[in-house]
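Here is the structure we will look at.
The values are calculated or read from the model by the stated rules, or taken from the named source; none is laboratory data. Quantities reported herein were computed from a predicted structural model and do not represent experimental measurements. Neighbour counts run over all protein chains shown; Cβ positions are idealised from the backbone, glycine included. SASA here: full protein model, heavy atoms, side chains in, ligands and nucleic acids out. Shrake-Rupley method; radii C 1.70, N 1.55, O 1.52, S 1.80 Å.
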Amino acid sequence: MTRPRSTYRTTVYRMRVDLDRESLAAVLNHRYLRGNDFTTVTTEVAGAPALLVHGHVPQPIADWCPIITGLTGDTMTVSHSSAGCVLLIAVDDQVYALAYGTIGRFMIDAERIDPGFGIAFAIRAIEPEQIRRVTRRVLASTGRVERSLVPGGQHIRRYGIEGWGEIVGQLSGHLTNTQLTVVRGSGRPVSIAGAESLQIAVSTDPAGLLDDLREISRVCARESPRQTSNSSPRSGQYTRGQHRPARRTPR
C-alpha cells in the first residue's frame with residue numbers, strides 16, 4: 001500500500017458563523033446542494049465537531065466534443081465527472097472549510113466566507129524578503145488588476161506598492177513557521193498563497209490538522225503584521241518602497 005502523505009496542499013476558508021445560534025450546516029450552499037445528489041455526514045476530527053459533504057457531478061459529454069466534431073467530422077461523445085468535497089470543522093471559536101476537488105468550493109455559501117482571511121494570514125506569516133507574487137487592484141475607474149511575479153522571491157518593498165489607491169488582494173511567498181506541520185516536515189521554507197482563501201499544505205493527521213488550524217488562527221489574531229520601516233500595519237496595504245518595482249502584468 002502507498003504510504004499516506006503527512007501533509008496535503010489544501011484550499012482553506014474561514015467561515016463567518018455564530019455557532020451559539022447556528023450549526024455548521026448554516027454555511028453550506030444549500031441551493032447548489034439541492035441541485036445535486038451529494039452526501040452529507042455529521043462527523044468529527046480529533047473530537048472537534050465537523051460536517052462532511054461530498055459527491056460528483058456527471059457530465060454526459062465534454063464541452064469540447066462538439067468543437068472536435070465540427071473540425072474533423074468525427075462524432076465524439078466523451079463523458080466525465082467533476083468530484084469534490086468540503087470538510088467543515090469547528091476549531092475553538094472558528095469554523096474552517098477545507099475544500100477539495102473541482103467542485104468543493106461551490107458547496108459553501110460565498111456570502112459566509114471571511115474575505116480577508118487568506119491575505120490576513122499571508123501578510124503576517126510570509127517572510128517579507130521572500131514574496132513571489134503580488135496581485136493588486138488599482139482603485140480607479142478602470143478597475144485595473146495587476147500581477148507582479150518574481151519566481152525567486154524578493155522583499156515586499158521592491159514591489160513598489162502604493163500606500164493609497166492600491167489594494168493587495170493576493171500574496172504568494174514562503175513561510176518558515178515551524179509550528180506548522182509542513183514546515184517541520186520539510187525543514188525548509190514552504191510556499192503558500194493567501195487571498196480570501198489560503199492555499200497551504202496542512203497535516204493529514206486529525207490531531208495534527210487541528211494543531212495547524214489553531215496555529216493559523218493564532219497568526220491571524222496578531223495585532224498587526226510584521227512591520228518594516230516601509231510597511232503599513234494595515235492588512236492588505238503597503239507603502240511605496242524605494243527600490244525599482246518588479247515588472248507588472250496588467251490583466
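Within the stretch 59-105, the only residue that satisfies the criterion of being in contact with a strand residue (DSSP E or B) (Cβ under 8 Å, 6 or more places away or on another chain), aromatic (Phe, Trp, Tyr) and either open to solvent by 60 Å² or more (accessible area, probe 1.4 Å) or more than 23 Å from Thr43 (Cβ to Cβ) (or both) is Tyr100.
Selection of the stretch 199-208 for residues being open to solvent by less than 50 Å² (accessible area, probe 1.4 Å) and hydroxyl-bearing (Ser, Thr, Tyr) yields only Ser203.
Taken over the stretch 176-198, the criterion of being within 23 Å of Gly116 (Cβ to Cβ), at pLDDT 90 or above and either open to solvent by 40 Å² or more (accessible area, probe 1.4 Å) or in contact with a Leu (Cβ under 7 Å, 6 or more places away or on another chain) (or both) is satisfied by Gln179 alone. Among residues of the stretch 108-128 that are closer than 19 Å to Val27 by Cβ, those with a Cβ under 7 angstrom from a residue that is part of a loop (DSSP other than H, G, I, E, B) and of a type in the set (Lys, Arg), sequence gap 6+ or separate chain, pair up as Arg112/Arg16; Asp114/Arg16. Could you grab me the full set of residues in the stretch 7-53 that are among the small types (Gly, Ala, Ser) and more than 19 Å from Tyr96 (Cβ to Cβ)? Scanning the stretch 7-53 gives a single hit, Gly35.
Pairs, please: C-beta under 8 Å, at least 6 apart or cross-chain, first residue free of Cβ contacts under 8 Å to residues at least 40 places away in the same chain and in the stretch 65-80, second assigned to a loop (DSSP other than H, G, I, E, B) and open to solvent by 80 Å² or more (accessible area, probe 1.4 Å)? The qualifying pairs are Cys65/Thr77; Ile68/Asp74; Thr69/Thr75; Thr77/Pro60; Ser79/Pro60.
Taking (1) closer than 30 Å to Asp114 by Cβ; (2) surrounded by fewer than 16 Cβ atoms within 10 Å (Cβ to Cβ); (3) out of contact with any Asp or Glu (no Cβ under 9 Å at 6 or more places or on another chain); (4) not aromatic (Phe, Trp, Tyr) in turn, His30 satisfies each apart from (3). Here is a check on your reading of the model: is Thr10 free of Cβ contacts under 8 Å to residues at least 40 places away in the same chain and of a type in the set (S, T, N, Q)? Against the criterion (free of Cβ contacts under 8 Å to residues at least 40 places away in the same chain and of a type in the set (S, T, N, Q)), Thr10 does not qualify.
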